[in-house]
1. Below 17 Å, Cα to Cα, which aspartates and glutamates can residue 244 reach? Residues fewer than 8 away in the same chain don't count.
2. In Å², and per residue, what accessible area does the range 184-328 have when probed at 1.4 Å with the other protein chains present?
3. Using the reciprocal of the averaged 1/r over all distinct C-alpha pairs, how large is the Kirkwood radius of the range 297-416 in Å?
4. With a probe of 1.4 Å, find how much accessible area the range 351-405 has per residue, and write the answer as a whole number in Å².
5. What aspartates and glutamates sit close enough to residue 312 to cross-link, taking a C-alpha to C-alpha distance under 18 Å and skipping anything fewer than 8 places away on the same chain?
6. Hey, how much of the P(r) for the range 270-325 falls beyond 19 Å, as a percent of Cα pairs?
7. At a Förster radius of 30 Å, what calculated FRET efficiency corresponds to the Cβ-Cβ distance of residue 115 and residue 49, to the nearest 0.05?
8. Of all the accessible heavy-atom surface of the range 87-207, with the other protein chains kept in place and a 1.4 Å probe, what percent is carbon and sulfur?
Amino acid sequence: MKTAVLITIGDEILSGNTVDTNSNFIATQLKEIGVKVLRIFTIPDEESTIITTLGRAFEMADMVITTGGLGPTKDDITKKAYAEFFEDELVFSEKVYDHLRAYLEKRNRLWILEHNKEQAVVLSKAEIFLNYFGTAPCMVLEKNGQYCFSLPGVPYEVKPLVKDQIVPFLKEKWVLDHLVTRIVSVVDFPESVLSDTIEGWELALPKHISLSYLPVGNRVKLRLTASGNSQETLDQDLEIEIQKLIPMIGGHIIATHEDKIEKILAELLIERKLTLSVSESCTGGQLSHLITSIAGSSHYFCGGIVTYAAEKKIDVLKVDPKTIEKFTVVSEEVASEMAKGCQELFKTDISVSTTGVAGPGKGEDGKDIGTVFYTIRIGEEETTYKLFLPHLERIDFMSFVSQKVLQDTVSLLIKK
């Protein structure tokens, strides 16, 4: 199997001001063509550090991809580091300059051409992949049969360069193994107990199949990855192993193909021709966002509403004011009435509701940070759950609860 090292260059990544989404995307794309990422380095814009890290990377892997550090200024550190490492010189490329002119002219930004002229300066030995969504091209360099790709740092520029140019380039240059992955989603089964339960099965897996445990909330995703030269054979091998696994933990498995809980739920709803609506408070629209992130969600999702203020729970969802007065707005009783009101409002088969305290302060009714109630109503039957998550920050709390609500909805549907 071919291997890769990724290098993210930029002080803004190290400072925490910018999140490195490029490495995740690139690693995923490489995995799909059978290239394994061995290491991801994040380093500052320092010439000596870039050179040293390139050296380490080439000692480890068949290819290296760097992102970031490419700018329009004359003191571009990354290009200078590349020139020293590859013992090359920087030259002005008419091809890149003409592309840059056409790119800026098309966007009525020709006036900044002079300021971006340095983007047309590249290494003399480099093969150039033109950037159709930005100004910095990708340089491709080869050293002792190993390849290096220098990418800009902007994610919407990185993605097409990787998908449309780097991946086809690698497929042409290398004979690559197939890499096939299956995800088995397990719920209500602690990871440590799960590991003990399936230890014998795990130890007996064929050498070309690896297993990873990926906890998501209180769900554990078992990721099986098989590598080899025949995709059909790998698919069959994975299916055989999953069929061996099912009798051991079958009642806790909610999916054996899909990864995302929102996709798993979508397939169930479509298969059973059911509709869904949501009424949110503490999740602030996260549930609706997850559900509608799946293409075709309009076939089953009728709508969602964020009734953040207590009076809107009363006005829109018809929650009884006396219920709020007696039990407070963050309570099992209010969650129940929210779900019922939502189901009646949107005329759906299923409705879910959330009410809780995301923090950072206590709720108006004095409930502790991290307290949440949510109700899942399927037809006339409903189930209400309580969670206490005081250790989670606000955004993480909203994300965890949203994932958990969808997960429990799937579990209830499967049991019916």
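1. Answer for residue 244, where 17 Å is the Cα cut-off: 196, 199, 202, 235, listed by chain and number.
2. Details: 7390 Å² over 145 residues.
Value for the range 184-328: 51 Å² per residue.
3. Hydrodynamic radius (Kirkwood, Cα pairs) of the range 297-416 is 14.6 Å.
4. Numbers: 2610 Å² over 55 residues.
Accessible surface, normalised per residue, equals 47 Å².
5. Straight-line reach from residue 312, under 18 Å: 280, 320, 325, 332, 333, 337, 344, 364, 365.
6. 38 percent
7. On the way: r = 27 Å, r/R0 = 0.90.
E between residue 115 and residue 49, to the nearest 0.05, is 0.65.
8. Carbon and sulfur together cover 49 percent of it.
The values are calculated or read from the model by the stated rules, or taken from the named source; none is laboratory data. This is a predicted model, so every value here is computed, not measured. Cβ sites come from the backbone with ideal geometry, for glycine too, and all protein chains shown count toward neighbours. Side chains included, ligands, DNA and RNA excluded: accessible areas come from the protein's heavy atoms. Shrake-Rupley method; radii C 1.70, N 1.55, O 1.52, S 1.80 Å.
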